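**Q** Let me give you the structure first, and then I'll get to my questions.
The values are calculated or read from the model by the stated rules, or taken from the named source; none is laboratory data. Since this is a predicted model, take the numbers as computed values, not measurements. Don't worry about glycine lacking a Cβ; one is built from the backbone with ideal geometry, like all the others, and counts go over all protein chains shown. Ligands, DNA and RNA are stripped out before the accessible areas are found, and what is left, the full protein with its side chains, is counted by its heavy atoms. Shrake-Rupley method; radii C 1.70, N 1.55, O 1.52, S 1.80 Å.
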Number of protein chains: 4
Amino acid sequence: MTRDRTLGVAVIGTGRMGSDHARRIDEVVSGARVAAVVDIDADRAAAVAARIDGCTSWTDPAAAMAADGVDAVLIASPGPAHEAALLEAFAHDLPVLCEKPLTPDAASALRVLEAETRLGHRRVQVGFMRRYDEEYAQLKSLLARGDLGRTLMLHCVHRNASTPPGFTGQMMINDSVVHEIDVTRWLLEQEVTAVTVLRPAPSSAAPEGLSDPQLVLLETSGGAVVDVEIFVNCGFGYQVRCEAVGERGTARVGDAHGLCVDAGGRWGGPIAADFVERFRDAYDRQVQAWVDATRRGEVTGPSAWDGYAAAAACEAGVRAQATGARTPVTLAERPALYAPEGR
Amino acid sequence: MTRDRTLGVAVIGTGRMGSDHARRIDEVVSGARVAAVVDIDADRAAAVAARIDGCTSWTDPAAAMAADGVDAVLIASPGPAHEAALLEAFAHDLPVLCEKPLTPDAASALRVLEAETRLGHRRVQVGFMRRYDEEYAQLKSLLARGDLGRTLMLHCVHRNASTPPGFTGQMMINDSVVHEIDVTRWLLEQEVTAVTVLRPAPSSAAPEGLSDPQLVLLETSGGAVVDVEIFVNCGFGYQVRCEAVGERGTARVGDAHGLCVDAGGRWGGPIAADFVERFRDAYDRQVQAWVDATRRGEVTGPSAWDGYAAAAACEAGVRAQATGARTPVTLAERPALYAPEGR
Amino acid sequence: MTRDRTLGVAVIGTGRMGSDHARRIDEVVSGARVAAVVDIDADRAAAVAARIDGCTSWTDPAAAMAADGVDAVLIASPGPAHEAALLEAFAHDLPVLCEKPLTPDAASALRVLEAETRLGHRRVQVGFMRRYDEEYAQLKSLLARGDLGRTLMLHCVHRNASTPPGFTGQMMINDSVVHEIDVTRWLLEQEVTAVTVLRPAPSSAAPEGLSDPQLVLLETSGGAVVDVEIFVNCGFGYQVRCEAVGERGTARVGDAHGLCVDAGGRWGGPIAADFVERFRDAYDRQVQAWVDATRRGEVTGPSAWDGYAAAAACEAGVRAQATGARTPVTLAERPALYAPEGR
Amino acid sequence: MTRDRTLGVAVIGTGRMGSDHARRIDEVVSGARVAAVVDIDADRAAAVAARIDGCTSWTDPAAAMAADGVDAVLIASPGPAHEAALLEAFAHDLPVLCEKPLTPDAASALRVLEAETRLGHRRVQVGFMRRYDEEYAQLKSLLARGDLGRTLMLHCVHRNASTPPGFTGQMMINDSVVHEIDVTRWLLEQEVTAVTVLRPAPSSAAPEGLSDPQLVLLETSGGAVVDVEIFVNCGFGYQVRCEAVGERGTARVGDAHGLCVDAGGRWGGPIAADFVERFRDAYDRQVQAWVDATRRGEVTGPSAWDGYAAAAACEAGVRAQATGARTPVTLAERPALYAPEGR
């Protein structure tokens, strides 16, 4: 398609993430429109569609993808539904922005990878939106320039104020640490080769049965070591920090503070409540970048390989969590389609 | 017009600001398109139009405003051309986003004000984009909550790395301090009543004949005192800071730092090169807010009264600069059309 | 005297400052002992002396200075008593550390200056202890290196949580801003030539009749401009900040924060309660430096000229406060004894 | 002894640390004097003694301890000489400030512990000077108040610009990480129970054969997990940071910055060159606290037990470094003499 055409997007899933993406495409992003929304809950899909001009609603992703005016697909349904939706998009040869995880496990991610490889060209961008955060982008760019030498370690902190009911230890890896896994792979341009998890005595604020916080250690193919504090019931807000330790210096993101108040005997300011507040701009930039690339006929951003490699590292992480032992990560061979850029 | 229609904007002026706004409406902002561009230099206008699908080019603002598909006007021509363009927009009853200054002096700003008053409804939003900066917005919101009590003083810093050839002392007031004048009026919801300017011995980096830096003192109708360091050849980058001193505490913006590097015996990070880098998001938000309000049939943001009051304070500032004396600011009576919100 | 002898100090005045200095010499400072304490309240002097081994108590400064084992004098009595004590110390040719102010007004300070000039050598160090603060010392050293070029402006903030009963507007100049006056003279190595005072509408937290805060503007012999926010009932703690604006960059002190806490939705830390907490180390260093120099037979630090020049600027400041007008500072000729170092 | 007597200190060892301690006692600390210095190099000892009034020089620690005017001992000789000197001090029943390590290994530390236990009262303070650093003291005090709940994790960073020739991997544990081991024990009031060491691919700036940096993981008796980045050839300066993660918030020290400079397109400031610059005040406070306690007839500060427990954890750390495996720390039973305070 050419740039003179507004991109018609089918949004699959109208839960929290899906309806927010629909709003974003409708109100924030330039050059795209929500052509269709899909949900197994027909009423919910219809309610979202009713708020958007020219938007139809569906319960079947395949039907939506075949509908008039649909040029691209944004998948924001629950993880287990991703594989089918991705394969359907491949069948229509439609570009896809797929919310993370690509799929819930490495085996299904590998099937998606193979299907895209058979297609012969990239169609999928995975929703690792931290790559579109201004601070992380600055850090990436600094490391890429090489001023600090090779990166030897990353120190990461990932904190949530609290968890919803039903949040499990496995979700600490699959839903939270997965971001640090992707950040590690992206910043270092190396694969994760092993995972170890240490579990301190849990906070008394942790829900019964949840070992929170944990310290996750990643090792990479280039010999770097990454430590991640994951603390999902820290109580005081949402925080993400990352310090890269290079041979000649270190660089840190995550402390940006716009407003400093001196009052009541204290200096300081507010902490973000959640990831929506902290990464709002990154979500906007991610979807705009996807729309822009798609209108140019390109696919950029995190690939299905990135989604697969993250899934494999998460699987090892969940095993490491259970056993307490250092757990290697095994990857399939990397298809040529996903060769690292610039090599 | 209704929300289901993309807003067709005529951009008047295709210099640095105008062409950037055209790019913004074309690539960044949701719900609007560049329907027409206008420049007395026909070739320049045509070149900009050629890059944008469905965009026509003109040398006469009136013709552009009358053209098919033009729903709104963004004025980014040189200040002396603003009055005529604004009156023409009023003649077509088109909503306008007018880059600051509204007009170059208080008398012409007053004529615009009176014309809009005769029209009977607001049509103009003035481009004081700091109001759309995330940090300033947080500061405004904090002061409005009243936690710090009444605001007694503002300490402001406004620094540019260097000035282009031909930059004069009057431009330090009219082009630079005008932002602090608007910020003062907006944060305090008070008018500026007097201006004093102190001129230290100039920096040896200042161009011949330019007294740089200067310290500008504003007094307001509520008895607040505001000091502004304006230093337009500081050499090291672009910086804007504002500290509000309240009865029970102070709040400060302008120190946000995303990336901190420890290397070579120093901690720290980069300083923005210019206002484009520092306020990129604010420009985006400003135009998006204008497009959104316009599509809803509303006019929000800084009004023609704000443009007029800033012009009057600037005039007093330029006189104060020349005389060294405290110079009162005199304002016309405020028409009911511009009554402060919420009163 | 030689370094092998412990310096016997007579402390004149045993109020808050005097008894703290006695404690400091007794417990913190190396190479000195409290040989005598003096107070018109004989009981208070005796109580302090009783806590210190080998210390005698007196009501008459002259008698104390003549006593056995007294090698030097620390004057911490109320300001109006300083002149007589200083002249008595000159009569005994004893080295003196005199708490600021040197004397309460410029005329009496000039008499002290002339008496020391007649003596023919420096005997007095004035207690401007900010010069011994680590941060200010770093700033002084940075400016002296010249990396930032000539200093064009200083932006100063001086805040106290609250004032004791009876605190007057004149004391805002004489007791508080006097520190910024000395800092200005010391950092810039220039004299203050004029003072202007702006008075915002007072804080509702200010005691009846006290115009608090105020903005004090100093001009210097080298053409620099200095603004000082003095706010003595800011409510939230003690803060002192100073930013020096040079031709090629700026440098700022006063934001050092040792401990940062993230909790309860906020990042930040505690603000010092008062000057004792903020400048404890500076007081210790000041007295140690005085003891060390005295034991070497030298007189260093702020001189009687510094005390006199500050008194003259304060007098102009108090007049400026009353009249609202720019008020010149007139100084006597500087005796050769007080020639600036290194010239 | 009573407070009216100046404490006569014998300083054992006149290398870098010993001669600096002699200078400190002579010039900085109140209430103490250097009565004797000891070194196997008689000339070096004599040279130090010659600069200090009333100071004798010796080659035999025992002789110095028996000399007139010696009331206390400061041991700053090489680690292997500590045990003999400590036992000699016990024989004279003299109070001792012993530079860390107490002794080079856990077995010899245990012998010292048993000797002091036989003496029946504490005589030894070990030189873990971070406990006397203002920032660490604030952190300790904050954690002790319990506002943040139980401490779950510590994140520590310990960086040196470069290492002297001959610096080994074992010294990274014994000389560097030993500080974090003591800080962990002191802040948490728990023993270290296991050590694991991860070794990233070394920096190209690391000397041949030195695996630098490393990530050391400590586990404690209360279930806390501590990660320590030790990087002794980071190239850019000396840095020590510590973040305590509690159940309800986190607190961090190590970022205090007195002076911030904006120039040359960057904001920021200098990083300390080495531990002498960073911890100068802590060293002063440590020795003053020891002198003050000794003059009161008390022994406070880190005990021989603290020295022994650190030595045991270091031994485990060195083994963990060699094997890559998690290594338990085994401690002897804690004698009643060293019962935790307040229990």
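**Q** If the Cβ limit is 9 Å and pairs must be 6+ apart or interchain, which residue in region C:248-269 that is more than 30 Å from B:Ser203 (Cα to Cα) pairs with which residue that is outside any loop (DSSP other than H, G, I, E, B) and aromatic (Phe, Trp, Tyr)?
**A** What qualifies is C:His257/A:Trp267; C:Cys260/C:Trp267; C:Val261/C:Trp267; C:Gly268/A:Trp267; C:Gly269/A:Trp267.
**Q** May I pose another question? Condition check: of a type in the set (Val, Ile, Thr) and assigned to a strand (DSSP E or B). Does C:Val197 satisfy that?
**A** yes
**Q** Based on what the data block shows, is B:Leu7 within 14 Å of another protein chain (Cβ to nearest Cβ) and closer than 22 Å to B:Thr294 by Cα?
**A** Judged against the criteria, B:Leu7 is a match.
**Q** Among the residues of region B:224-242, count how many are under 26 Å from B:Val318 (Cβ atoms) and open to solvent by less than 10 Å² (accessible area, probe 1.4 Å).
**A** Of the residues in that region, 12 qualify.
**Q** Of a type outside the set (Gly, Ala, Ser), outside any loop (DSSP other than H, G, I, E, B) and within 14 Å of another protein chain (Cβ to nearest Cβ): is that true of D:Val318 in this structure?
**A** Spelling it out, it is not the case that D:Val318 is of a type outside the set (Gly, Ala, Ser), outside any loop (DSSP other than H, G, I, E, B) and within 14 Å of another protein chain (Cβ to nearest Cβ).
**Q** Between C:Arg295, C:Arg266, C:Arg319, C:Arg326, which is among the basic types (Lys, Arg) and assigned by TED's automatic domain parsing to the domain that holds C:Asp26?
**A** Every option except C:Arg295 fails the conditions.
**Q** Does A:Val261 fit the bill of being modelled with pLDDT of 95 or more, among the aliphatic types (A, V, I, L, M) and either open to solvent by less than 30 Å² (accessible area, probe 1.4 Å) or within 30 Å of D:Phe236 (Cα to Cα) (or both)?
**A** Considered against the rule, which asks whether it is modelled with pLDDT of 95 or more, among the aliphatic types (A, V, I, L, M) and either open to solvent by less than 30 Å² (accessible area, probe 1.4 Å) or within 30 Å of D:Phe236 (Cα to Cα) (or both), A:Val261 comes out as no.
**Q** If you don't mind, there's one more thing I want to ask. Residue by residue through region A:222-247, note down the ones that are part of a loop (DSSP other than H, G, I, E, B), over 18 Å from A:Tyr136 (Cβ atoms) and at the interface with chain D (Cβ under 10 Å from one of its Cβ atoms).
**A** Residues satisfying the conditions are A:Gly222, A:Gly223, A:Asn233, A:Cys234, A:Gly235, A:Phe236, A:Gly237, A:Glu247.
**Q** Go through region C:126-141 residue by residue and tally those that are open to solvent by less than 30 Å² (accessible area, probe 1.4 Å), away from chain D (no Cβ under 14 Å) and either hydroxyl-bearing (Ser, Thr, Tyr) or in a helix (DSSP H, G or I) (or both).
**A** 1
**Q** Just name the residue that is surrounded by the fewest Cβ atoms within 10 Å (Cβ to Cβ) out of those in region C:175-210 that are facing chain B (nearest Cβ under 8 Å) and hydroxyl-bearing (Ser, Thr, Tyr).
**A** C:Ser204
**Q** Return the pairs, sorted by first residue and then second, in which the second residue is of a type in the set (Phe, Trp, Tyr), the first residue lies in region C:98-111 and is farther than 14 Å from C:Val178 by Cβ, the beta carbons are less than 8 Å apart, and the residues are 6+ apart or on different chains.
**A** Matching pairs, first to second residue: C:Leu110/C:Tyr308.
**Q** Scan region C:310-330 residue by residue and report those that are in contact with a helix residue (DSSP H, G or I) (Cβ under 6 Å, 6 or more places away or on another chain) and more than 13 Å from C:Gln170 (Cα to Cα).
**A** C:Ala310, C:Ala312, C:Thr327, C:Val329
**Q** Look at region D:1-42 and say how many of its residues are without any contact (Cβ under 8 Å) to a residue 24 or more places away in the chain and more than 19 Å from D:Ala81 (Cα to Cα).
**A** Residues flagged as without any contact (Cβ under 8 Å) to a residue 24 or more places away in the chain and more than 19 Å from D:Ala81 (Cα to Cα) within region D:1-42 amount to 3.
**Q** A further question on this structure: For region D:211-221, enumerate the residues that are among the aliphatic types (A, V, I, L, M) and either open to solvent by 10 Å² or more (accessible area, probe 1.4 Å) or at the interface with chain A (Cβ under 9 Å from one of its Cβ atoms) (or both).
**A** Across region D:211-221, the qualifying residues are D:Leu215, D:Leu217.
**Q** Against the definition (open to solvent by less than 20 Å² (accessible area, probe 1.4 Å) and within 20 Å of D:His257 (Cα to Cα)), how does C:Asp281 come out, yes or no?
**A** no
**Q** Is it true that some residue in region D:142-155 is away from chain C (no Cβ under 14 Å), within 25 Å of D:Phe279 (Cβ to Cβ) and among the β-branched types (Val, Ile, Thr)?
**A** no
**Q** If you check every pair at least six apart or on different chains, which have Cβ atoms under 8 Å apart with a residue in region C:57-71 that is among the acidic types (Asp, Glu) first and a residue that is assigned to a helix (DSSP H, G or I) second?
**A** C:Asp71/C:Thr294
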